[in-house]
Amino acid sequence: METTGFTENQMTVREAVATLCAKFPNSYWQEHDRNEEDPTEFHAALAKDGWLGIALPEELGGSGLGISEATMMMQTIAESGAGMAGAQSIHANVYATQPLAKFGTKKQREHTIPRIIAGEWRTCFGVTEPDTGLDTLRLRTAARKSADGQSYSVTGQKIWITCAQVARKMMLLARTTPLEEVRKPSEGLSLFCIDLDRPSSSSASSSSTGLEMRKIKKMGGRAVDANEVFFDNYQIPADALVGTENQGFRAILHGMNAERCLLAGEALGLGYAAVARAAGYARERVVFGRPIGANQGIAHPLADAYMRLEAAKLATYHAARLYDGSTAAEKERAAGGDDKNVGVIRQDAVAVAANSAKYLAAEAAFTACERAVLTHGGMGYAAEYDVERWLRECLVPRIAPVSREMIMNYIGEKVLGLPRSY
């Protein structure tokens, strides 16, 4: 990757994280993928060096840096050979904590965030449901407040919840007012920071607590678990509510644009790793008396893949800069600042940039990973060369957390002024 134009902070992050990742070679990730084993040691190493708090407030033990630096960290992790699995093992710890840091009470922030930064607790994000998918505003998981107002009873189902098996906390979005009783669908949703109380047995399910988890067997990223999570009158305290009741959708929007930037960075890392591996193989593999890289049929597809990644890189870090700029502007306004430039970064501009970056990076990564496999020929199908693992994993950013098609719907409607299609 061409690094001209990055800030000193971003380059410091890249160099330090790359040094740490070098302690976890491709063989580590091959083994954990094969055994579907959580990369506990990797998570602990990042926590030990303080990386889980990269974009969290200094007063809570974080580094106080921005999403620009966090995106560089996630890209570097994926690019090291860890791929999406390595990135996803800490992904939620970085972005799902953003709404908590912004909207949580002082007690919530001080009780939870330092423990996540230290690696003592891990977290996951509970939004997606099997019957609503991307139609988040119509999710069905309900949180009913008790008569005395001291607790909520949660009933419903979440799906594709990454790292739920190892998480202590979940950022949960649930409906606290029925859909038919609100003026618009974005109202009536609330955000909670809840404990995942599991029994000591390895099944991680308990009918007595009202919580059950079922691990999903999946195509790629097998080192991190993905789950269906079932709640059946699961009791949570009232003080688990983050922010204002019925205004949770606004809170998670704060984390969604950050997540798109991070995921774009992860896709870039995967793509750059694949192109570098393919180029190395093409330089060394000799067929018909010369390296296969001398053939334009090999060289041109890889050169094209690299340029696609470079273009997506510019879009990604532009989006991250806008996100950080908008956050800084919010802080300035809250402090009563009179800077004339405060507020010039609109949230809709951040959303357009973040969604565009995620789309472009995901597509560029897919192109790079596919061509890396094809460059290797038959050996591209062999686990020892890693490119097959990266190809399996590169489908994730094309699908999650929002599909390519929904991003194009969004751009068509919000930017081009086309009629809403869904």
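The values are calculated or read from the model by the stated rules, or taken from the named source; none is laboratory data. Owing to the predicted nature of the structure, the values given are computational and were not obtained by experimental measurement. Here the Cβ is made from the backbone with ideal geometry for all residues, glycine too, and neighbour counts use every protein chain on show.
Within the range 247-265, residues that are farther than 27 Å from residue 17 by Cβ and in contact (Cβ under 8 Å) with a residue 24 or more places away in the chain reach partners that are part of a helix (DSSP H, G or I) and among the aromatic types (Phe, Trp, Tyr) with beta carbons closer than 8 Å, at six or more positions or on different chains, in the pairs 251/103.
Taking each residue of the range 361-373 that is outside any helix (DSSP H, G or I) and looking for partners that are of a type in the set (A, V, I, L, M, F, W, C) and buried (at least 21 other Cβ atoms within 10 Å of the Cβ) with beta-carbon atoms closer than 6 Å, six or more apart or interchain, yields nothing. Based on what the data block shows, is residue 289 crowded, with 16+ Cβ neighbours inside 10 Å and more than 19 Å from residue 381 (Cβ to Cβ)? Considered against the rule, which asks whether it is crowded, with 16+ Cβ neighbours inside 10 Å and more than 19 Å from residue 381 (Cβ to Cβ), residue 289 comes out as no. Across the range 19-39, the number of residues qualifying as surrounded by fewer than 14 Cβ atoms within 10 Å (Cβ to Cβ) and either among the small types (Gly, Ala, Ser) or assigned to a helix (DSSP H, G or I) (or both) comes to 6.
Reported count of residues in the range 1-18, each being under 20 Å from residue 309 (Cα atoms), outside any loop (DSSP other than H, G, I, E, B) and polar (S, T, N, Q), is 1. For the range 369-417, the tally of residues that are more than 19 Å from the chain's Cα centre (by Cα), within 16 Å of residue 257 (Cα to Cα) and not aliphatic (A, V, I, L, M) stands at 2.
Take residue 55 and decide whether it is in contact with a helix residue (DSSP H, G or I) (Cβ under 7 Å, 6 or more places away or on another chain), outside any helix (DSSP H, G or I), under 24 Å from residue 397 (Cβ atoms) and aliphatic (A, V, I, L, M). Give the steps one after another, and end with the answer.
Working: in contact with a helix residue (DSSP H, G or I) (Cβ under 7 Å, 6 or more places away or on another chain): yes; outside any helix (DSSP H, G or I): yes; under 24 Å from residue 397 (Cβ atoms): yes; aliphatic (A, V, I, L, M): yes.
Judged against the criteria, residue 55 is a match.
State all residues of the range 149-185 that are part of a loop (DSSP other than H, G, I, E, B) and touching a helix residue (DSSP H, G or I) at 6+ places or on another chain (Cβ under 9 Å); if no residue qualifies, say none.
Initially, the range 149-185 is screened for residues part of a loop (DSSP other than H, G, I, E, B), giving 149-150, 163-168, 176-178, 182-185.
Listed by number, the residues that qualify are 149, 150, 163, 166, 167, 168, 176, 184, 185.
Residues that are in contact (Cβ under 8 Å) with a residue 12 or more places away in the chain and farther than 19 Å from residue 244 by Cβ are absent from the range 176-192 altogether. Is it the case that the range 127-144 has a residue that's of a type outside the set (A, V, I, L, M, F, W, C) and at positive phi? The answer is yes, given that some residue of the range 127-144 is of a type outside the set (A, V, I, L, M, F, W, C) and at positive phi. From the list 204, 223, the one residue that fits, being modelled with pLDDT under 95 and within 25 Å of residue 396 (Cβ to Cβ), is 204.
So if I check each of 277, 214, which one is among the charged types (D, E, K, R), assigned to a strand (DSSP E or B) and in contact with an Asp or Glu (Cβ under 7 Å, 6 or more places away or on another chain)? Talk me through it step by step, then tell me what you get.
On the way: 277 fails: assigned to a strand (DSSP E or B).
Result: 214 is the single residue among 277, 214 that is among the charged types (D, E, K, R), assigned to a strand (DSSP E or B) and in contact with an Asp or Glu (Cβ under 7 Å, 6 or more places away or on another chain).
Of all residues in the range 152-167, none are within 21 Å of residue 103 (Cα to Cα), surrounded by fewer than 22 Cβ atoms within 10 Å (Cβ to Cβ), touching a residue at least 24 places away in the same chain (Cβ under 8 Å) and not acidic (Asp, Glu). When the residues of the range 221-236 are filtered to those that are under 15 Å from residue 171 (Cα atoms) and of a type in the set (Val, Ile, Thr), the one that is surrounded by the fewest Cβ atoms within 10 Å (Cβ to Cβ) is 236.
Return the only residue of 15, 41 being free of Cβ contacts under 8 Å to residues at least 40 places away in the same chain and over 27 Å from residue 325 (Cβ atoms). Full working, then the answer.
Numbers: 15 fails: over 27 Å from residue 325 (Cβ atoms).
Just a single option satisfies the conditions, and that option is 41.
The residue that is surrounded by the fewest Cβ atoms within 10 Å (Cβ to Cβ), counting only those in the range 58-75 that are in contact with a Cys (Cβ under 9 Å, 6 or more places away or on another chain) and small (Gly, Ala, Ser), is 68. Scanning the range 317-358 for residues that are modelled with pLDDT under 80, of a type outside the set (Asp, Glu) and under 22 Å from residue 70 (Cβ atoms) yields 329, 331, 334.
A single entry from 85, 55, 78, 92 fulfils the requirement of being among the hydrophobic types (A, V, I, L, M, F, W, C), surrounded by 23 or more Cβ atoms within 10 Å (Cβ to Cβ) and modelled with pLDDT under 95: 92. Of all the numbered requirements in (1) modelled with pLDDT of 95 or more; (2) out of contact with any strand residue (DSSP E or B) (no Cβ under 8 Å at 6 or more places or on another chain); (3) in a helix (DSSP H, G or I), residue 116 misses one, and that requirement is (2).
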